[in-house]
1. Take segment A:205-229 and flag every residue that is more than 18 Å from A:L102 (Cβ to Cβ) and either outside any loop (DSSP other than H, G, I, E, B) or open to solvent by 80 Å² or more (accessible area, probe 1.4 Å) (or both).
2. Among the residues that make up segment A:209-226, is at least one of them in contact with a Phe, Trp or Tyr (Cβ under 6 Å, 6 or more places away or on another chain), within 22 Å of A:L278 (Cα to Cα) and not small (G, A, S)?
3. Among the residues of segment A:159-191, which ones are open to solvent by less than 10 Å² (accessible area, probe 1.4 Å), closer than 22 Å to A:S133 by Cα and of a type outside the set (A, V, I, L, M, F, W, C)?
4. What pairs come out if I take residues in segment A:163-188 that are more than 14 Å from chain B (Cβ to nearest Cβ) and among the charged types (D, E, K, R) and pair them with residues that are in a helix (DSSP H, G or I) and open to solvent by less than 40 Å² (accessible area, probe 1.4 Å) whose C-beta lies under 7 Å away, six or more apart or interchain?
5. Would you confirm, using the coordinates I've provided, whether B:T5 is open to solvent by less than 70 Å² (accessible area, probe 1.4 Å), polar (S, T, N, Q) and assigned to a loop (DSSP other than H, G, I, E, B)?
6. Just wondering, is there one or more residues in segment A:46-54 that are assigned to a loop (DSSP other than H, G, I, E, B), more than 14 Å from chain B (Cβ to nearest Cβ) and at pLDDT below 70?
7. Are there any strands (runs of 3 or more DSSP E) wholly within segment B:18-114 with 3 or more residues that are within 13 Å of another protein chain (Cβ to nearest Cβ), in contact with a Lys or Arg (Cβ under 8 Å, 6 or more places away or on another chain) and under 21 Å from A:R286 (Cβ atoms), and if so which?
8. Which one is nearest to B:L98 (Cα to Cα) among residues in segment A:309-322 that are within 14 Å of chain B (Cβ to nearest Cβ) and open to solvent by 50 Å² or more (accessible area, probe 1.4 Å)?
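The values are calculated or read from the model by the stated rules, or taken from the named source; none is laboratory data. From a predicted model like this one, the values you see are computed outputs, not experimental measurements. In this analysis, Cβ positions are derived from the backbone assuming ideal geometry, glycine residues included, and neighbour counts consider all displayed protein chains. The accessibility values were calculated without ligands, DNA or RNA, using every heavy atom of the protein model including side chains. Shrake-Rupley method; radii C 1.70, N 1.55, O 1.52, S 1.80 Å.
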Amino acid sequence: MKRFIIRILLCISVFLLLLFIGGFVQSMLNGEFEQMYGAALDELEYYEGIGYAFGKNIMLPTMIITLTIITMWLQSINHRLGSKKKSTLKKEDIQGPFILYLRSFIDDANTRKSTNTLSDVTSEEEALVEVLSDIAPVYAIGNPKDKKSPLGASRLYVSDDDWKNTVEYLSQRAQVVVLRLGSTDSFWWEVKMALGKIDKQKILFVIPESDSLDSILVLSRYLLEQNVDMSKMKTSVSKKRFGSISSFIYFDENGEARSSDFVAYRFTSLILSYANMLRSSLADFRKRFGLVTKAPKVRKLRCLQILIIAYFFIIGAMQMFSDSVTLNIASKNTIEAFRDDVVRVNESLPKNIAMGIVWQSMYLDNEYLNIVYCYPEEYFELFSQDYCDSDEIASSLIKYIPESLVNKIIKFNITLAYHIQNEIDVSQEYVVNISPSRLKKLREYAESHSSVLDVLRSQFELMEIPLEVEEGVTLISAEVIGNNVTYIYTLDRGMCIDEEGLLELKNSIIEDLSSDKNIVKSIKEEGVHFVYVYQYEDGEVNARLEILPEEF
Amino acid sequence: METITLRVYRKKAFTGMAMPYAIKIDGVKKGTIKNGESMEIELPNHNCVLMVDMVGNSMTLHKLRKEVVLFPEYCSTGVIECEVDTKNNWLGGLTFGLLQAVGKTTLNINYNAK
């Protein structure tokens, strides 16, 4: 069950890793933004582009490295859980040369652990067995409590009565007897037997890390009995960077003990496996069998490992810089390319938009396209910040800008300037900073809300009535009922609108509303009927103006 | 027995199928074998080291290579058989041999082949 879960997690991890590697390779193949987007680069929002560049160049390699570490870790667990069925091997089955690996059974728990290197998912015992198998296959006496044979040396399971005979028999036939220093009585019996009955040259002691020198002292006592003095030898029991092996003791042709430290090279684990570190540490011992062990070029490997890790980040950082420069250049080029368009659009736009809002100017300032509208002083409250910020007012203004231009704008400002007696009070300006993506949404909103009746209804809700539109003329009611839009104004006594004035007023309203084809289209489609009533305060009607849809 | 014959057989395997193995005895190249091929080598009558080394290993970080000591005194038939097998390491393959070797070479020695 545990292995099943690990395998599922491993599959997910590998799938994600492949996905990210695929994305990385694809982004490398596609190259720069210019190649990826081509003409569409002009439409890419600057910050969107920078975000994409960061994701591609920095986040992607980081994710690949993180997922690789996770995958290796899961693979390591999966590998260790994959034990074999309990072996039924007998000592008579062993033919040819072999190596006998002896240790305390309680140490199996330590040697089953991963060696904690990136390039190795194997356990410490497997790595040691791989190195020793350069000489001959490795066999060990199995722990009777094993449910499955652990990975590493091939196990022989023998009865409690027979194990001493088996160990002795195999030790005498083995090419090498490897003794991993332990603390149990059985192990020390094996040491005593090996030192007494077999050729010392065949013995290799594996010294694991330890907090005390107790085991070493016992070993030195046994060796002293064999006339081998360990006192002049430097035998390490200190903890190494990887695994639990600290050093080795073996005997040369003259029967003199030699020790060799296990050297765990720092910052090479991505390239140099634990097994190769063991090979390097056992170079002298291996030489006896004709095995040549080249010392690892540690500096070279270290540089290589740094380069491998740095590759992703250096390349990523360079790409990031290159992409941001590309985006900046593209942004500037876009502005330059459309400067003429901006001037042309500026000239062709209607000056009087609606509700007294006057088109002021459109100009380019660095990478911003600035559009300035002005409105009369009395509309100040109407265009309060909250109102300007709403999508409705923004979309109603944006629809005057041609789509061809909008699509090519990278940064976009709309300024609603406060208009006092033909002077623009810029201190009161309100800037709407709109990104192209928001602009597109606003346009869609504008298109879906193009109904004149809806627009007027929302405008009326926001108007503060009564509203004095000019001296002596006050708007007291503005409402939309069905298709009828009714404005009721009160006039001061003494004021009078004659037929000529009424006609002038009608033409002015039609001209204003006709400036936008969409409005005219909407009026005709919806059959909007405008009614303007001018009356005195006592309710006496002075003039009534009706505008039918057909008149537009 | 004055001379011993070493019969090297490369088992067909997917990993490294395109690349031959160089067969070296005591560091001296004796020939190459491709997937499914075998070759015979005369061995000196003393311990020697057999190494199978995939061609193109110098280009990779993790090598497909294995060496083993041969002990002729264990051979009674005059023929030592060595089966070269290349096991796939899918994680090494997925990472293009960057983190691990793409496979693992194993040598199975039979000292009393017929």
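1. Within segment A:205-229, A:D211, A:L213, A:D214, A:L217, A:S220, A:R221, A:L224, A:E225, A:N227, A:D229 qualify.
2. Checking segment A:209-226: not a single residue is in contact with a Phe, Trp or Tyr (Cβ under 6 Å, 6 or more places away or on another chain), within 22 Å of A:L278 (Cα to Cα) and not small (G, A, S).
3. A:T166, A:S171, A:R180
4. A:E168/A:M193; A:R180/A:D107
5. The answer is no for B:T5.
6. No.
7. Result: B:48-54, B:103-110.
8. That would be A:I309.
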